[in-house]
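The structure under discussion appears below in the form of structure tokens.
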Amino acid sequence: MAILLDGRQTASKCRERIRAQVETLVKETGVRPGLAVILVGEDPASQVYVRNKKRACEDVGFVSEEYRLSADVPETELLDLIDTLNEKETIDGILVQLPLPQGFDEKKVIAAIAPRKDVDAFGFENVGRIMTGDFDFVPCTPAGILMLLKEYGVELAGKRAVVIGRSNIVGKPMAMLLLHENATVSICHSHTKDLGAITREAEILVAAVGKAGFVTADMVKDGAVVIDVGMNRTEKGLCGDVNFEAVKEKAAMITPVPGGVGPMTIAMLLQNTLTSAKKRAAARQ
Ligand code: NAP
């Protein structure tokens, strides 16, 4: 039976560290980190994510602002709001909850966020910085995974890592961060031939596919560390991309769903916002 990589516990430790740093920052500089979250439309899953992010901000002592726009507002209204928040002194991070309703140009909207406030690290400048290894903000899900691996003492240098999925928000940045940690990385996707042959080589296997139970035990090397990013809503509830019951008997370590990667993602959003606030404080001195 594999060791469970406990994202709730690790995220909670991380939030405690952030809370302590916020107190010091406020005491020494008067700067309190501020995060603005923008929700467009009524998507129920997005509403839950936004509520959780707001709660997490309040929990660590951030200023948290929430903006709700209806799905039929003109895109210019959203862009104007982002412009206002770009200029707002007390806001260090701006997050537009994705996916946006149909008709919005996500790339254009994300590009409108000032890179210094792009705490999701989805904008072109921050993505480029991740490629070169010269970054302040790391995309929250891959960064959370890396922190979890480090917390459990998983060595990455020289390891064979396989990432299934090449999305801009998970797969690609995950592969880049593993590469920066000196792992040897393969990225697989829907056109990959003989996927199992590749995943069976993985000492670190990250599944970010969006298909419940996609990774079966026969795709996993004995003693692998298996990271399940998937959050699939099924009639049985929330399910990961990994067939947990079977794979946990083969892997050395595995993340549960829920309670694995998810809580780490929010902790990293807080971390990025704190980093931005520290820069604001330093610029004032
Ligand atoms: P996405 O944009 O839909 O990307 C899915 C990736 O899986 C694509 O690259 C796709 O390949 C690949 N894929 C699909 N079918 C495949 C197959 N049969 N064989 C190999 N690869 C295949 O999804 P995402 O945004 O990365 O999210 C992935 C999952 O993670 C979702 O369940 C999402 O809800 C979850 N998620 C969780 C968190 C968290 O905090 N825990 C954060 C973000 C996302 P192609 O590129 O060829 O289409």
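For this structure, a couple of remarks:
- Residues of the range 155-168 satisfying the condition of being surrounded by fewer than 21 Cβ atoms within 10 Å (Cβ to Cβ), in contact (Cβ under 8 Å) with a residue 40 or more places away in the chain and closer than 21 Å to Val127 by Cα: Ser167, Asn168
- Residue, modelled with the lowest pLDDT, within the range 247-258, restricted to residues that are more than 8 Å from the ligand (Cβ to nearest atom) and open to solvent by 20 Å² or more (accessible area, probe 1.4 Å): Pro258
- Across the range 204-228, the qualifying residues are those that are in contact with a helix residue (DSSP H, G or I) (Cβ under 7 Å, 6 or more places away or on another chain) and farther than 18 Å from Ile3 by Cβ, and the one among them that is most open to solvent (accessible area, probe 1.4 Å) is Asp218.
Every residue, every condition in (1) in a helix (DSSP H, G or I); (2) within 15 Å of the ligand (Cβ to nearest atom), yes or no:
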{"residue": "Ile187", "(1), (2)": "no, yes"}
{"residue": "Ile198", "(1), (2)": "yes, yes"}
{"residue": "Gly213", "(1), (2)": "no, yes"}
{"residue": "Asp218", "(1), (2)": "yes, yes"}
{"residue": "Thr265", "(1), (2)": "yes, yes"}
{"residue": "Leu269", "(1), (2)": "yes, yes"}
{"residue": "Ala277", "(1), (2)": "yes, no"}
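Quick grid of which residues meet (1) at pLDDT below 95; (2) not in a loop (DSSP other than H, G, I, E, B):
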| position | (1), (2) |
| --- | --- |
| Ile38 | no, yes |
| Cys57 | no, yes |
| Asp72 | no, no |
| Thr76 | no, yes |
| Asn86 | no, yes |
| Ala121 | no, no |
| Arg129 | no, yes |
| Phe137 | yes, no |
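- Test: residue in the range 52-59 that is crowded, with 18+ Cβ neighbours inside 10 Å and out of contact with any Leu (no Cβ under 7 Å at 6 or more places or on another chain): no
- So Ala157, is it farther than 25 Å from Pro256 by Cβ and more than 8 Å from the ligand (Cβ to nearest atom): yes
- Val261 meets each of the listed conditions (1) modelled with pLDDT of 95 or more; (2) within 11 Å of the ligand (Cβ to nearest atom); (3) out of contact with any helix residue (DSSP H, G or I) (no Cβ under 7 Å at 6 or more places or on another chain) apart from (3).
- Qualifying residue in the range 173-194 (condition: touching a Cys at 6+ places or on another chain (Cβ under 8 Å) and crowded, with 19+ Cβ neighbours inside 10 Å): no
- Restricting attention to the range 131-154 and to residues that are closer than 17 Å to Asn272 by Cα and more than 16 Å from the ligand (Cβ to nearest atom), the residue that is most open to solvent (accessible area, probe 1.4 Å) turns out to be Asp134.
- Within the range 174-185, being part of a loop (DSSP other than H, G, I, E, B) and either of a type in the set (A, V, I, L, M, F, W, C) or closer than 11 Å to Ile164 by Cα (or both) holds for one residue alone: Ala183.
The values are calculated or read from the model by the stated rules, or taken from the named source; none is laboratory data. Owing to the predicted nature of the structure, the values given are computational and were not obtained by experimental measurement. Methodologically, a virtual Cβ is constructed for each residue, glycine included, from the backbone with ideal geometry; neighbour enumeration extends over all protein chains shown. The protein model used for the area step is the full one, side chains on, heavy atoms only, and it has no ligands, DNA or RNA in it. Shrake-Rupley method; radii C 1.70, N 1.55, O 1.52, S 1.80 Å.
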